Amino acid sequence: MRHARPAGLVILGLWASAALLALCGPAVAATPTAAWTKIGADENTVTVVPSIALDGAKVVGAWSVPATGTASVQAATITPTVAAAGRAPQVVDVVSGWASIDSPVLLGRPGGGLQVMLNAFHSLVTGDPLSGVSFAPRNADGTWGAPVATGGSNGGTTAILSSDGATPFFATASSGIVRLFRGASSPVEVDLASALGRTSTYQVPQLGRDGTGRYWLAWYGDDGLHMVQLDPATGAVAGTPGLAPQSAGISNAQLRLALACGPAGCRLAYHQANANGTDTGRILTWTAGEAAATVAVAGADPASNLGAAYRADGRLWIVWYDRSSTGTPAYRATLGNALGAGGRIRSLGVPARPSSYSAGAISAVDAAGNLAIVSNFERNGIYNQWFTVAAPPLAAGEADTSGITDPRVIRRGSSTFVVPRHPSRAALRRTKCVKVRVATTQPAAIRVAIFSGRKSVRVFGATVVRFAKPGSRIVCIRVPLRAHTFDVRKPFRFAFAVRLGAHPKQSARTTLTTSGFVNFD
């Protein structure tokens, strides 16, 4: 079908000359399924576990950089929007030059804001007060205050403020038991052994608090994942421990358990294991008191580490790295119901595809409906922390408007164009281009441009985007802000031309269309 052109307007043929494209410069930014940004210094261990938390409208990520004698902890302040996912955030050192540091843990700070728990050796000097557990406050400008020693020497792998909003709980596993401590100064150990017993393989305890004020402790033991309610003031066991069904696989002894806490409760996401302990490829969710687990993801090939986070509306995000032995490995996420079920799977791609790559620990938090993710990712033997922000998976037939401010959706056959209704003048001056999202449900070549004036037949930023398969990309259409016929304060038109086929022939039919007018304020 050929769309009629408005009188007095001419749309150039699909195949622009090389000279015209050269004048326009490189205008296409082919975005992956999710934009990943490197935020951490190079390191060489898979055991680094990033921590992530909300601080107002920002997301904060923190991680350790192991190096004997020069170990450090870094933190990034992240704007949790899809548009900002490709930008380098502010990264600062929390501490540096320490003898050794385990993975840090972010938690709330008395009075608001965040603090970070450090489990480290400040030096090898006997009696160094900072060797052990300490807490460092986050300042309003994203920097960090000096760490304050607790006087406790036992490590901590998870931490949370108690119900008084000031006293921290932190926990670790050692000597065959989960050990829970209370207090920021001379912490006192809470007796859990008498209620939970002992086992040789208590691992990776995780603390959580749900929206009703209940506190929970989860851990991996000999027979799988366990979960129990704690007293919110004292930390003592306040309920009967539960065992997650089909959780005895070793893959569930993750670097950090995927315990998500939402408005109504806390819930574990984990690998389903057969009777012999091997993974089935399914991801289950469960909480204490349930007789059966819920299948959240089926037919996947998830690596060991999972992430999970609740949205404010009670729906559950799950994110994992899918090894896809029969396809392309990638991070994937799903947004299900309150149990994590029923969600559509969205591929988030990977940060890069060198000759060798894999994923380590994943930490995630919901930020105003989006999923903010920090993960330890390996490329050719070097590990780094990377972050991305994922919008909810699209419903069937829904247009992807991510990355476009104040979007307007235009559909033409198999093609969809998402354009800004009111482009930011400040952004135009900074980037000298207008971002448009182009999507197609068929292989195609699509030409996009902007008319140089309301009555002009010339175009700016003419660019051809080729799709070998269905997909979606951001195109940045360059505009000369000093052109005599173009005024960013006045209406202008977008122009699109489509030719179907992965490698269309010169004689292939072209569908021409315009979007009409896009007005400014």
Inset, instruction - Could you name every one of the strands (runs of 3 or more DSSP E) located completely within segment 90-179 that has at least 3 residues being touching a strand residue (DSSP E or B) at 6+ places or on another chain (Cβ under 8 Å) and surrounded by fewer than 17 Cβ atoms within 10 Å (Cβ to Cβ)? - result: 90-98
Inset, instruction - Evaluate the following for Ile283: is it assigned by TED's automatic domain parsing to the domain that holds His226 and under 30 Å from Ser64 (Cα atoms)? - result: yes
Legend entry - Residue check for Arg353: modelled with pLDDT under 90, surrounded by fewer than 19 Cβ atoms within 10 Å (Cβ to Cβ) and either assigned by TED's automatic domain parsing to the domain that holds Phe494 or within 24 Å of Gly208 (Cα to Cα) (or both): no
Inset, instruction - Scan segment 268-305 for residues that are touching a strand residue (DSSP E or B) at 6+ places or on another chain (Cβ under 8 Å), within 19 Å of Gln203 (Cα to Cα) and part of a loop (DSSP other than H, G, I, E, B) and jot them down. - result: Thr287, Ala288
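Quick check, is Val389 in a strand (DSSP E or B) and over 30 Å from Ala462 (Cβ atoms)?
yes
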Inset, instruction - Test Gly13 against the criterion of being closer than 27 Å to Ala146 by Cβ, modelled with pLDDT under 85, of a type outside the set (S, T, N, Q) and assigned to a loop (DSSP other than H, G, I, E, B), and give yes or no. - result: no
Inset, instruction - Select from segment 62-89 the residues that are under 18 Å from the mean Cα position of the chain (by Cα), at pLDDT below 95 and assigned to a strand (DSSP E or B) and list them in ascending order. - result: Ile78
Inset, instruction - Determine the pairs where a residue that is closer than 12 Å to Asn119 by Cα, located within segment 139-154, has a partner that is of a type in the set (Asp, Glu) with Cβ atoms under 8 Å apart, the partner being 6 or more residues away or on another chain. - result: Asn154/Glu189
Inset, instruction - Could you check, for segment 332-339, whether at least one of its residues is more than 21 Å from Asn252 (Cβ to Cβ), free of Cβ contacts under 8 Å to residues at least 12 places away in the same chain and either in a strand (DSSP E or B) or assigned by TED's automatic domain parsing to the domain that holds Ser103 (or both)? - result: no
Inset, instruction - Would you mind stating whether Pro168 is closer than 30 Å to Ala296 by Cα and over 23 Å from the mean Cα position of the chain (by Cα)? - result: no
Legend entry - Residues within segment 286-322 that are farther than 16 Å from Leu371 by Cβ and more than 18 Å from the chain's Cα centre (by Cα), tallied: 14
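The values are calculated or read from the model by the stated rules, or taken from the named source; none is laboratory data. The structure displayed is predicted, hence computed values, not measured ones. Note: ideal-geometry Cβ built from the backbone for every residue, glycine included; neighbour counts use all protein chains shown.
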